[in-house]
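The values are calculated or read from the model by the stated rules, or taken from the named source; none is laboratory data. Everything quoted here is computed from the prediction, not taken from an experiment. Backbone-built Cβ (ideal geometry, glycine too); neighbour counts: all protein chains shown.
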Amino acid sequence: MTNQWHGRSVISVDGLTKEDLMGLFEVANEMKTLVETSGGNDMLKGRVMAALFYEPSSRTFASFVSAMERLGGGVIPLQGMANSSTAKGETLEDTAQVFSSYADVIVMRNPETGSAATLAHHAWVPVINAGDGLGEHPTQAMLDAYTIQSELGSIEHKHVVFVGELAHYRAVNSLARVLALFAGIKISFVSAPEFALQDEVRTFLKDNHVDFSEYENLDDVIADADALYVTRPKKEFISEELYQLALDKYVVDAATLSKMKQTSIVMHPLPRLGEITREVDADPRAVYLTKQMKNGLYVRMALLSLMLGQ
Ligand code: CP
């Protein structure tokens, strides 16, 4: 199979094919075995990744750093970028050129929608979007899709239910687009109208003839869900009243799980507040703190190895 990832920036999931993803998943499986058997190898020895984070991150930052180090590469780990060069007034155009001089790949999280595309335009090494404003979070979607594929055996003909505050969720924007690549996929979005899906995603799904519906009540769809994707209400974007509404109305607890199929899974990109109660964590269907998080490491190792490897 041709490696379509080599030297390519990952700014959006647009333009990805099902074959690209299946190739990535195959390498992620190999990375899982590698980590479980020897912890890593030296395949990216001599390569350097710059991790430029202008917004807080635990999982994306740490899993990218771990991925690079487990493959023998070096890391320039810059959290708090907003307090460094940007505070001095440096433009993204200049930052792109500076870090292209030091690193073989740049991973960036930034609060501005479209910033990753700007960085990639001015960089001469590949750029990975680790979340840009209300835009996209493509590698989160890749690890989420890999989790569905590995836990349910296939993404095709599955019913994925997104629940909660969906309007300000770049991971939802990216994952919905990725799911659209798979035959027979059915998607349900459950939220209050005040924080429903972004119009752009709705239009994308309509244009691509995806079977999707929107609901206000989780009970309308929960019994048929194969994967339940829970989201955190984002306090920074909604009023206190809507935040309380989200926490009251869209809580996943043991009663919710009792309505779900035994073969289903519960996912969350994390961090989680009160939208999934602690009692759910011990249920074997809850994969968010275990398999989904580990998959973030395997998928990011796979991506870096395909982008930078021989
Ligand atoms: N899921 C996710 O992006 O988490 P972080 O914000 O901790 O990176």
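So here's what we get for this one:
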| item | result |
| --- | --- |
| Tally, over region 150-162, of residues that are away from the ligand (no atom under 15 Å from the Cβ) and closer than 21 Å to Arg59 by Cα | 2 |
| Any hit, region 237-254, residues being under 24 Å from Ile155 (Cα atoms) and of a type outside the set (Phe, Trp, Tyr) | yes |
| Residues satisfying the stated conditions in region 269-283, i.e. within 16 Å of the ligand (Cβ to nearest atom), among the hydrophobic types (A, V, I, L, M, F, W, C) and either at pLDDT 95 or above or touching a Gly at 6+ places or on another chain (Cβ under 7 Å) (or both) | Leu270, Ile276 |
| Cβ-Cβ under 7 Å pairs, at least 6 apart or on other chains, region 266-291 side free of Cβ contacts under 8 Å to residues at least 40 places away in the same chain, far side charged (D, E, K, R) | Val266/Arg285; Thr277/Asp253; Glu279/Asp253; Val280/Asp253; Leu289/Asp281 |
| Where a residue in region 10-33 is on the phi < 0 side of the Ramachandran plot and its partner, wherever it lies, is assigned to a loop (DSSP other than H, G, I, E, B) and surrounded by fewer than 21 Cβ atoms within 10 Å (Cβ to Cβ), with Cβ under 6 Å and at least six apart | Lys18/Leu181; Asp20/Gln4; Gly23/Met1 |
| Selection within region 44-81 - more than 10 Å from the ligand (Cβ to nearest atom), within 14 Å of Ala130 (Cα to Cα) and of a type in the set (Ser, Thr, Tyr) | Tyr54 |
| Residue that is within 22 Å of Asn295 (Cβ to Cβ), among the hydroxyl-bearing types (Ser, Thr, Tyr), within 16 Å of the ligand (Cβ to nearest atom) and modelled with pLDDT of 95 or more, where the choices are Thr113, Thr147 | Thr147 |
| Pairs with Cβ under 7 Å, 6+ apart, first in region 162-176 and closer than 10 Å to Arg232 by Cβ, second in a strand (DSSP E or B) and within 15 Å of the ligand (Cβ to nearest atom) | Gly164/Val230 |
| Number of the condition not met by Met108 [criteria: (1) at pLDDT 95 or above; (2) outside any strand (DSSP E or B); (3) within 16 Å of the ligand (Cβ to nearest atom)] | (2) |
| Selection from region 239-265 of residues that are in contact (Cβ under 8 Å) with a residue 60 or more places away in the chain and either assigned to a loop (DSSP other than H, G, I, E, B) or surrounded by fewer than 16 Cβ atoms within 10 Å (Cβ to Cβ) (or both) | Tyr250, Thr263 |
| Total residues in region 69-88, condition in a loop (DSSP other than H, G, I, E, B) and in contact with a helix residue (DSSP H, G or I) (Cβ under 9 Å, 6 or more places away or on another chain) | 3 |
| Region 116-141: number of residues that are more than 16 Å from the ligand (Cβ to nearest atom), crowded, with 22+ Cβ neighbours inside 10 Å and more than 15 Å from Ala50 (Cβ to Cβ) | 0 |
| Flag if Glu93 is more than 14 Å from Leu303 (Cβ to Cβ) and within 16 Å of the ligand (Cβ to nearest atom) | no |
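Every residue, every condition in (1) more than 19 Å from the chain's Cα centre (by Cα); (2) outside any loop (DSSP other than H, G, I, E, B), yes or no:
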site: Ile128; (1), (2): no, yes
site: Gly131; (1), (2): no, yes
site: Ala145; (1), (2): no, yes
site: His157; (1), (2): yes, no
site: Asn173; (1), (2): no, yes
site: Leu197; (1), (2): no, no
site: Arg202; (1), (2): no, yes
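The rows are residues; the columns are (1) within 21 Å of Ala254 (Cβ to Cβ); (2) among the aromatic types (Phe, Trp, Tyr); (3) modelled with pLDDT of 95 or more.
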site	(1), (2), (3)
Ala196	no, no, yes
Val201	no, no, yes
Phe204	no, yes, yes
Asp207	no, no, yes
Asp211	no, no, yes
Leu218	yes, no, yes
Ala225	yes, no, yes
Val230	yes, no, yes
Pro233	yes, no, no
